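Please treat every number below as a calculation from the coordinates, not as lab data. Note that the coordinates shown come from a computational prediction; the quantities given were computed from them, not determined experimentally. Note that each Cβ is placed from the backbone with ideal geometry, even for glycine, and that neighbours are counted across all protein chains shown.
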Amino acid sequence: MSALSAEGLYKVFGRRSKEVVRRLQSGATLDEVKPLGATVAVADATFDVEPGEIFVVMGLSGSGKSTLIRMLNGLWEPSAGHVYVDGKDVAKLDPRGLRQLRRETMSMVFQHFALLPHRTVLENAAYALRVRDVDRATRVEKARVALSMVGLEGWENRLPQQLSGGMKQRVGLARALASETPIMLMDEAFSALDPLIRREMQDQLLELQSRLEKTIIFITHDLNEAMRLGDRIAVMRAGQIVQIGTGEEILQDPANDYVAQFVQDVDRTRVLTASSVMEPARTVVIDTEGPRAVLRQMREEQAHAAFVVSRDRILRGTIRDEAAQAAVSRGREGMREVLNTTPATVTADALLADVFAPSAESSLPVAVVDEDNRLLGVIPRATLLGAMASLTATETSGSGGSTAEAYPGSPPDGEADRARADAMFELQRGSASGAPAAGGGV
């Protein structure tokens, strides 16, 4: 069962809202209902959020994302449609049921912190538990644990005015964590923070999510933030959800011109993964084969090296033709002594930005493996360069041709960008030298 489901949600403001909804449901466009004088904030929003998922709703100001989140937690009643949380229709809950939902099932992290200025950090973190009449000892203990999770241990007795903006937001996050609700709604939670602190909070949220596996619905207008945090992203425009998918799906296959223009300046190397550019390894041998058989296969496939795997595709290493020939000359029956057991590898979900360095350091293609080290494919240097040339051309065409614009990034990414540029230089130098670094032989 989904943690939260929205079915045909509409929110229309104005005296003729019911007529507007009826016409929209019958197929009328937003432009066609404008003469009726009503404001359509959300139109036919339908989606499911799975348990443990970070579901990002992204859109520009006025796109309807904040209205949507207010319907999800019952602050606003839909003009039409349903919100189901744990199978219960939120709109049909009485006031007591709504209070119970917000106390025990769904917590909220706000954009502007929403801290009580006269209460300490500890009291703010424990406030949701106090509202639920949790005894003092228990709520203090839970609040201390939550503050420790967000790095505020030792700050329990400070007042909000003594904290920086980032620290205030950590208190808000700790308050939501202390309530131990399975669902967290985060409405532009990091947008009031400067870029450095914002990046830190994103890192912290991802680290906490890896341990706690909350169901998080995250509202943002920042595309890079959406791409970084979201397991899936819903793109909104003028009250309508125009596409739902992973960051990679939205970048690779935008639903319309609006989405394509929206994502054109995204640094794709920080969204696209190794699996999107990998290709089958040309020469793969089983680790039980002898060096003579390996040499014969290399000659047949005109390869200078091979990936060595077990019968169930576990990657054992790589072997070059000269090493196999040396083993034959010494009368060896196996490859163990001449096998390179530490080839360059990345996982299928590794970002392209993280493939440059291992590719630059290896004269063979980078092996793509799963969590059990099974060989899934390879990324030859020429393939990586080709992918980068394509991405750079796309980004430059949408950003005026500036290299700085082609690789947008906040200040914390500067070191990573320099490392990537160095790796790209090494990749290009290796390819230009004619060395086997292009990786076509395997």
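Here's how it looks for Q243: its modeled amide H is under 5 Å from those of V235, which are all 5 or more places away or on a different chain. I want to verify a result. In a Gaussian network model of the chain, Cα cutoff 10 Å, which of these has the top mean-square fluctuation: R16, R70, R139? Maximum among the listed residues: R16. When its C-alpha radius of gyration is set against 2.2 N^0.38 Å (N residues), segment 314-362 gives a value of 1.49. Go through A260, Q243, V140 and say which Cα lies farthest out towards the positive end of the charge dipole of segment 119-266; charges sit on Cβ, +1 for Lys and Arg, -1 for Asp and Glu. So the residue furthest toward the plus end is V140. Using every pair of separate Cα atoms, the Kirkwood estimate puts the hydrodynamic radius of segment 165-233 at 12.3 angstrom.
Radius of gyration (Cα atoms) of segment 198-322, expressed as a multiple of 2.2 N^0.38 Å: 1.59. Karplus-based coupling profile of segment 224-237, in residue order and whole Hz: 5, 5, 4, 5, 6, 9, x, 5, 9, 10, 10, 9, 10, 8, with θ = phi - 60° in 6.51 cos²θ - 1.76 cosθ + 1.60 and x standing for Gly or Pro.
Taking the chain as a Gaussian network, Cα atoms linked when under 10 Å apart, which of A128, A260, A293 shows the biggest mean-square fluctuation? Highest fluctuation of the listed residues: A293.
When the pairs K34/K214; K11/K92; K65/K88; K18/K214 are compared against a 28 Å limit on Cα-Cα distance, K34/K214; K18/K214 fall above it.
If you model segment 82-153 as an ellipsoid using its alpha carbon gyration tensor, with each semi-axis the square root of five times an eigenvalue, the axes come out at 26, 14, 12 Å, biggest first.
Amide H contacts under 5 Å for I219: V57, M186, D187, E188, A189, restricted to partners 5 or more places along the chain or on a different chain, H placed in the peptide plane at 1.01 Å from N. Charging the Cβ of each Asp and Glu at -1 and of each Lys and Arg at +1, and nothing else, the dipole of the chain about its Cα centre rounds to 1160 debye.
Using the Kirkwood radius over C-alpha pairs as Rh, can you work out the diffusion coefficient of segment 248-297 via Stokes-Einstein at 37 °C, viscosity 0.692 mPa s, in µm² per second?
Working: Rh = 14.4 Å.
Answer from the Stokes-Einstein relation: 229 µm²/s.
Over segment 1-143, the Kirkwood radius and the radius of gyration, each from Cα atoms, give a ratio Rg/Rh of 1.05.
Using only alpha carbon positions, build the gyration tensor of segment 1-57, then give the equivalent ellipsoid semi-axes as the square roots of 5 times its eigenvalues, largest first, whole angstrom.
On the way: eigenvalues 158, 21, 16 Å².
Working from the Cα gyration tensor, I get semi-axes of 28, 10, 9 Å.
Radius of gyration over Kirkwood radius for segment 294-389, both on Cα atoms: the Rg/Rh ratio is 1.00. Can you give the log10 of the normalised intensity I(q)/I(0) at q = 0.18, 0.30 Å⁻¹, computed with Debye over equal Cα scatterers of segment 276-332? Taking Cα atoms of segment 276-332 as identical point scatterers yields -0.58, -1.29.
Rounded to whole numbers, the Karplus 3J(HN,Hα) couplings from phi for segment 240-254 are 10, 7, 9, 6, 10, x, 5, x, 5, 5, 5, 5, 7, 9, x Hz, using 6.51 cos²θ - 1.76 cosθ + 1.60 with θ = phi - 60°, and x at Gly and Pro.
With an 8 Å cut-off on Cα pairs and a minimum separation of 6 or more residues, tell me the relative contact order of the chain in percent.
Dividing the mean separation by the residue count of the chain yields 14 percent.
Axis angle, to the nearest 10 degrees, between helix 95-104 and the longest C-alpha principal axis of the chain: 30 degrees. Taking 7 Å steps out from each Cα toward its Cβ at S2 and L93 produces label points 1.7 nm apart.
Based on the alpha-carbon set only, what is the convex hull volume of segment 118-180 divided per residue, in Å³? Mind dumping the intermediate values first?
Values: hull volume 4.4 nm³, N = 63.
Spread over its residues, the Cα hull of segment 118-180 gives 69 Å³ apiece.
For the chain, the mean residue ellipticity at 222 nm estimated from helices alone is -11500 deg cm²/dmol, where every DSSP H run of n ≥ 4 contributes -39500 (n - 2.57) and the total is divided by all residues, rounded to the nearest 500. When restricted to Cα atoms, segment 137-285 yields an Rg and a Dmax of 18.9, 65 Å, respectively.
The alpha carbons of the chain stretch over 86, 58, 42 Å along the principal axes, in descending order.
Under a Gaussian network description of the chain, with springs only between Cα atoms under 10 Å, the residue in T120, T39, T29 that fluctuates furthest is T29.
Where the eigenvalues come from the Cα gyration tensor of segment 61-181, what are the semi-axes √(5λ) of the equivalent ellipsoid, largest first, in whole Å? Could you put the intermediate results ahead of the total?
Values: eigenvalues 164, 62, 22 Å².
For segment 61-181, the semi-axes come out at 29, 18, 11 Å.
Our summary gives segment 311-387 a relative contact order of 28 percent, counting only alpha carbon pairs under 8 angstrom and 6 or more residues apart. Backbone geometry of segment 161-169 corresponds, through the Karplus equation with coefficients 6.51, -1.76 and 1.60 at θ = phi - 60°, to 3J(HN,Hα) couplings of 5, 8, 10, 6, x, x, 5, 4, 5 Hz, x marking Gly and Pro.
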